[in-house]
1. Please give the length that would be gained between Arg158 and Asp107 if that part of the chain were fully extended, namely 0.36 nm times their separation in residues minus their C-alpha to C-alpha distance (nm, one decimal).
2. At 0.36 nm per residue, minus the direct Cα-Cα distance, what do Glu188 and Thr46 gain on full extension? Give it in nm, one decimal, please.
3. Treat the count of other C-beta atoms within 10 Å as a stand-in for reagent exposure and order Lys29, Lys191 from fewest to most.
4. Between Leu121 and residues 5 or more places away or on another chain, which pairs have amide H atoms under 5 Å apart, with H built 1.01 Å from N, and which residues are they?
5. In whole Hz, with x marking every Gly and Pro, tabulate ³J(HN,Hα) for region 134-139 from phi via Karplus 6.51 cos²θ - 1.76 cosθ + 1.60, θ = phi - 60°.
6. Could you tell me which of rounded, prolate or oblate describes region 34-191, using a ≥ b ≥ c as the square roots of the eigenvalues of the alpha-carbon gyration tensor, with rounded for a/c under 1.5 and, failing that, prolate when a/b is larger than b/c and oblate otherwise?
7. Under a point spin-label approximation (7 Å from Cα along Cα-to-Cβ), what is the Asp71-Ala126 distance to one decimal in nm?
8. Using each residue's phi in region 62-75, evaluate 6.51 cos²θ - 1.76 cosθ + 1.60 at θ = phi - 60° and report the 3J(HN,Hα) Karplus result to the nearest Hz, with x for Gly and Pro.
Amino acid sequence: MHMKSTVVAAAALWLAVAPAATAQTPITKSKSVSATATIQAIDTTTRSITVRDETGVEDTYVAGPELKRFDELKVGDKVKMTYYESVFLQVRKAGGTSGTTGAKPADATLDAAVTRGKGALPGGTAAVQEKMTVTVKAIDPALPSITVTTSDGRTVTRKVEDKKNLEGVAVGDLIDVTYTRALLTQIERAK
């Protein structure tokens, strides 16, 4: 249920900020954020790591068993992280087959993967991709807003910041949404 809310929210966000879309034209919006933190303390009993970011804020995290190289971490090591997020949307007319087949929304899917780094120090990538199709149920150009229905029958309404983004979108259209998130992490030894 949370995944479907996230994907629908991502679609609504796209409609709020993306350039005007014409029917059948795929749209991709992506962003990334990078941060570096320094390991301040390591508790091997609880597998917790305390880090301080570049602004001086400290936080403690527990490393699960999937972090196989936990024992290689050292106080003073730099943890570099980059978070990527992208939304890919394609509007298609009801009954159309652009992007997928059939005229009804497909059930949501979720794919996740973890790739361990092969370098001398610990690192890796965790990625999640969610896919779903929603049906445009209503459009209110005066507000402006769009209402969509998910494959499980939920109805979601979101305000659209720029009504130009509704051009080419009609009631009954299907919107294929692919929402991808990835976190890349690498360790650098203190100098």
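Derivation of every value follows stated rules applied to the coordinates shown; laboratory data play no part. Since the model is a prediction, treat every value here as computed from it, not as a measurement. Ideal geometry is used to build each Cβ from the backbone, glycine not excepted, and the neighbour counts take in all protein chains shown.
1. 16.3 nm
2. Details: separation 142, 0.36 × 142 = 51.12 nm, distance 2.27 nm.
Result for the pair: 48.8 nm of gain on full extension.
3. On the way: Lys29 15, Lys191 5.
Ranked by crowding around the Cβ, least crowded first: Lys191, Lys29.
4. none
5. 10, 10, 5, 9, 7, 10
6. Values: a/c = 3.40, a/b = 2.47, b/c = 1.37.
The shape class here is prolate.
7. Inter-label distance under the simple model: 2.3 nm.
8. These are the phi-based 3J(HN,Hα) values: 9, 8, x, x, 5, 7, 5, 9, 3, 5, 7, 6, 9, 4 Hz.
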